[in-house]
Amino acid sequence: QVQLVESGGGLVQVGGSLRLSCVASGSILNINAMGWYRQAPGKQRELVAVITSSSRTSYAGSVKGRFTISRTNARNTVYLQMNSLKLEDTAAYYCNAVSVQSQYWGQGTQVTVSS
């Protein structure tokens, strides 16, 4: 089992920055990849960014160049640095971890971008 706890969400103006954190605990050695998803009201949950156990990263086209995913060397914390935030980035952001057996989700943290 893996437990994920996110933090760092909040209210920010257009063009501002936020950094989300996700701390993993439990069977973290079994994690192959971790990522961030987001879900806006009335929309499907979408992948924002992912980082693998070999530190390869991938981003949604809508955030490429603005968001950066990274992790600690201990691989138990993943960050999402979000710069140049836009109104359309407003959503609940969820941390995700994938192992061979299963995938896990955090409880989510709200990011609201205002004009």
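Name the residues in region 34-60 that are surrounded by 14 or more Cβ atoms within 10 Å (Cβ to Cβ), outside any strand (DSSP E or B) and charged (D, E, K, R), would you?
Arg45
Condition first: polar (S, T, N, Q) and within 12 Å of Leu20 (Cβ to Cβ). Can you find one or more residues in region 46-54 that meet it?
Scanning region 46-54 turns up no residue that is polar (S, T, N, Q) and within 12 Å of Leu20 (Cβ to Cβ).
Which condition number does Arg66 fail, the rest of (1) touching a residue at least 40 places away in the same chain (Cβ under 8 Å); (2) closer than 22 Å to Gln13 by Cβ being met?
(1)
Given the options Val98, Val63, name the one that is among the hydrophobic types (A, V, I, L, M, F, W, C), part of a loop (DSSP other than H, G, I, E, B) and under 14 Å from the mean Cα position of the chain (by Cα).
Numbers: Val98 fails: part of a loop (DSSP other than H, G, I, E, B).
Checking each option against the conditions leaves just Val63.
Name every residue in region 85-101 that is open to solvent by 40 Å² or more (accessible area, probe 1.4 Å) and in contact with a strand residue (DSSP E or B) (Cβ under 9 Å, 6 or more places away or on another chain), in order of residue number. Full working, then the answer.
So in region 85-101, the residues open to solvent by 40 Å² or more (accessible area, probe 1.4 Å) come out as 86-88, 94, 98, 100-101.
Across region 85-101, the qualifying residues are Lys86, Leu87, Glu88, Tyr94, Val98, Val100.
Inside region 6-48, can you point out the residues that are among the small types (Gly, Ala, Ser) and within 13 Å of Asp89 (Cα to Cα)?
Gly9, Gly10, Gly15, Gly16, Ser17, Ala40
The values are calculated or read from the model by the stated rules, or taken from the named source; none is laboratory data. Every value quoted in this text rests on a predicted model; they were computed, and no experiment measured them. Cβ coordinates were reconstructed from backbone atoms using ideal geometry, including for glycine residues, and neighbour counts include every protein chain displayed. Side chains included, ligands, DNA and RNA excluded: accessible areas come from the protein's heavy atoms. Shrake-Rupley method; radii C 1.70, N 1.55, O 1.52, S 1.80 Å.
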